[in-house]
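Colleague: Would you mind keeping the following structure in view while I ask a few things?
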Amino acid sequence: MSLNLDDKKAVVAEVAEQIAKAQTVVLAEYNGIEVPKLTVLRSKARESGVYLRVVKNTLVRRAVADTPFASLAEHMTGPLIYSISADPVAAAKVLNEFAKTNDKLVLKAGSYAGKVLDKAAVQALASIPSRDELLARLLGVMQAPVSGFVGVVAALAKQREAEAA
């Protein structure tokens, strides 16, 4: 189904809005993936806060023009699915995890911090823990001394009770 001019403008505006908030964009070829599997991928993307869409490459080129992601335009050929996220690693992580179990999804390129990433760099970016994971680890490290201190205080209290009795 072809889009009329107004529909194309709406798609470009929608993608441009997502690009404006994005830190990372990842492109992947999706030839031959069955609809149920794409539905699972879209569900995982939604859970991770990732904008995932199949869009005509010419429309995405217009949406990324004059943005830090404009250098990705040369990689926008063939049937692509676009993964866009405000989280630096979420877009790469969602597609990379799906590609591990489905050989028909092939990571092609990405962009982070104004730099174009090849497949290996996208996979490396996907291996970095997300912001939420890092915050959870930091919280665990910060709580360890406090819980240890509470244990020491409780042990001292029991010892004093035992001495008093």
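The values are calculated or read from the model by the stated rules, or taken from the named source; none is laboratory data. Everything numeric here is computed off the predicted structure, so don't read it as measured data. Positions of Cβ are generated from backbone atoms using ideal geometry, with glycine treated the same way; all protein chains shown enter the neighbour counts.
Colleague: Out of (1) under 30 Å from V26 (Cα atoms); (2) small (G, A, S); (3) at pLDDT below 80, what's the single condition that is false for G110?
Modeller: (3)
Let's see how each residue does on (1) in contact (Cβ under 8 Å) with a residue 24 or more places away in the chain; (2) closer than 30 Å to K37 by Cβ:
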site	(1), (2)
T101	no, yes
K119	no, yes
I128	yes, yes
L135	no, no
G140	no, no
G151	no, no
A155	no, no
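Colleague: Just to be sure I understand, how many residues within the range 39-63 are in a helix (DSSP H, G or I) and either loosely packed, with under 15 Cβ neighbours inside 10 Å or modelled with pLDDT of 90 or more (or both)?
Modeller: Restricting attention to the range 39-63, the residues satisfying the condition of being in a helix (DSSP H, G or I) are 39-48, 57-63.
Those still in the list that are either loosely packed, with under 15 Cβ neighbours inside 10 Å or modelled with pLDDT of 90 or more (or both) too: 39-47, 57-63.
Residues in the range 39-63 being in a helix (DSSP H, G or I) and either loosely packed, with under 15 Cβ neighbours inside 10 Å or modelled with pLDDT of 90 or more (or both): 16 in total.
Colleague: Spot the failing condition for T101; the list is (1) surrounded by 10 or more Cβ atoms within 10 Å (Cβ to Cβ); (2) polar (S, T, N, Q); (3) in the same structural domain as Q18 (by TED's automatic domain parsing), and only one is missed.
Modeller: (1)
Colleague: Has the range 67-78 got at least one residue that is polar (S, T, N, Q), surrounded by fewer than 16 Cβ atoms within 10 Å (Cβ to Cβ), in contact with a strand residue (DSSP E or B) (Cβ under 8 Å, 6 or more places away or on another chain) and free of Cβ contacts under 8 Å to residues at least 60 places away in the same chain?
Modeller: First, pick out the residues of the range 67-78 that are polar (S, T, N, Q): 67, 71, 77.
The next check asks that each one be surrounded by fewer than 16 Cβ atoms within 10 Å (Cβ to Cβ); those that pass are 71, 77.
Narrowing the set further to residues that are in contact with a strand residue (DSSP E or B) (Cβ under 8 Å, 6 or more places away or on another chain) leaves 71.
Of the ones still in play, those that are also free of Cβ contacts under 8 Å to residues at least 60 places away in the same chain are 71.
Yes, the range 67-78 has at least one match.
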